[in-house]
Amino acid sequence: DLFIQEKKGELTEDYRVWSVEAGVEVKSQDAVHQKFSDQHATKELRSKFARLSEEDKRHWEDLAMQKRCGPTPFSSTSSVELDCDNRGGDGDLCIPPEKKQRLRAMAEHHVAVTTDVARSDTSTYPATSGSPQSKKKETPKGPRKPPKIAKSTHWRLTQEQIDACKVAVHDHYERVMRTIKARNLFFELADGFDVLRERGRGRYDMELPVFDTPKFDFLTDPSKAAWLPVVRKILGDDAVLVHKGAFLSLPGSDTQIYHQDGVHLNNKIQKACYAVNVFIPLVDLDMSNGPTEFCLGTHYLGYEHYAKDMCHTPTPKAGTPIIFDYRLGHRGLGNTSSESRPIVYLTYTPASKKFTDSVNFSRKRYKRLGELVEKPLSRRDRALKREREV
């Protein structure tokens, strides 16, 4: 009972720290007690006491005895004198011989525990002016260190696949813009088309029909998508592809507005991840060609706002996927280089969740562009064509 009484405050504080790290909003100490009842704390501490060593259990028994009966003869000194005879009389110690060994062991244990605690306090808090031993261990403040980007060798696209995707993305963009020019649809471009939408000046979100062909089954076939084992670890074995496309950031493009692709499906409690995005750059990313900036922790309920000191901008090599929670806040940075920055993106969700994004994935919001205009033949190509016909 003494162990539970002494440790209950520490356990409650540990729960408060855990709540903050897990994204559970704790407004006051009363809220902590409300979420973490006295019954739960007692049950947890009884289990913790049962796992203590025999020496630690004896230590707590000695402390309980001292609290009930007053200080023991050795409680105020580090040295113990128990070499007294068994004698009676008022004020004299009367200790049976069989109990001397027990008391001596208790005293030595008390001194050893006190010494260990003093050593641990000294090692935890460096010697400074005042009483450092009375200070509580504080949680480090400031931004967390960004996660390390593992250099993948088998979860990524091959160079041949990277080149095929890069050609397809640029070819699709050129065909769409050629069609818009031929049909004088520049005003309609502001509203977006089913196969291309503007996401800021110089930034385009495109849906490529060619990605549905067998040539690009390494993106869509579950048995060939190199990153799918990682996605299944997050979402489960029933993870399915629900959307795909490509982003193209042209030289001189603006920085994108900070946003989240998806919202929380429950506004009261934090739910597990229900969808992930996979971004695959088709060029080596650096800070000049407009990589994506992520605001860490914004997928937690109540922490969605942008915080500069929590931002991290990974710059992986071409073909290396970046996998993140669908609710994580992010934005594409401006492209100040002289080359375009193409990225393939894929969105996965568990088939059992039946999640559909009617905002981002709906084609009904956009005008249908229709059949794309092919590139006109040059004079030399037309001459070669006539020769073949003859």
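Please calculate how many Å² of accessible area the range 152-248 carries per residue, with a 1.4 Å probe and no DNA, RNA or ligand atoms counted.
Values: 5010 Å² over 97 residues.
Counting only protein heavy atoms, the per-residue value for the range 152-248 is 52 Å².
If you count only protein heavy atoms and use a 1.4 Å probe, how large is the accessible surface of residue 257, to the nearest 10 Å²?
Taking all protein chains as shown, residue 257 has close to 140 Å².
On the protein heavy atoms, probe 1.4 angstrom, tell me the percent of accessible surface of the range 276-324 carried by carbon and sulfur. Don't jump to the answer; show the numbers that get you there.
On the way: 1040 of 1780 Å².
C and S fraction of accessible area: 58 percent.
Go through 60, 227 and list them by solvent-accessible area, largest first, probe radius 1.4 Å.
Working: 60 45, 227 0 Å².
Ranked from most to least accessible, the order is 60, 227.
Please label the shape of the range 227-308 as rounded, prolate or oblate, based on the square roots a ≥ b ≥ c of the eigenvalues of the alpha-carbon gyration tensor (a/c under 1.5 means rounded; beyond that, a/b larger than b/c means prolate, else oblate).
Values: a/c = 2.34, a/b = 1.28, b/c = 1.82.
Here the range 227-308 falls in the oblate category.
If you take the square roots of the eigenvalues of the alpha-carbon gyration tensor of the range 234-390 and sort them as a ≥ b ≥ c, do you get rounded (a/c under 1.5), prolate (a/b over b/c) or oblate? Please list the in-between numbers first.
Working: a/c = 2.58, a/b = 1.69, b/c = 1.52.
The shape class here is prolate.
List, in the order given, every pair from 166/353; 224/375; 224/317; 215/367 whose Cα-Cα distance in the structure shown is over 23 Å.
Numbers: 166/353 33 Å; 224/375 33 Å; 224/317 20 Å; 215/367 28 Å.
Pairs exceeding 23 Å: 166/353; 224/375; 215/367.
The values are calculated or read from the model by the stated rules, or taken from the named source; none is laboratory data. Computed from a predicted model, the values in this text were never measured in an experiment. Accessible surface areas use protein heavy atoms only, side chains included; no ligands, DNA or RNA. Shrake-Rupley method; radii C 1.70, N 1.55, O 1.52, S 1.80 Å.
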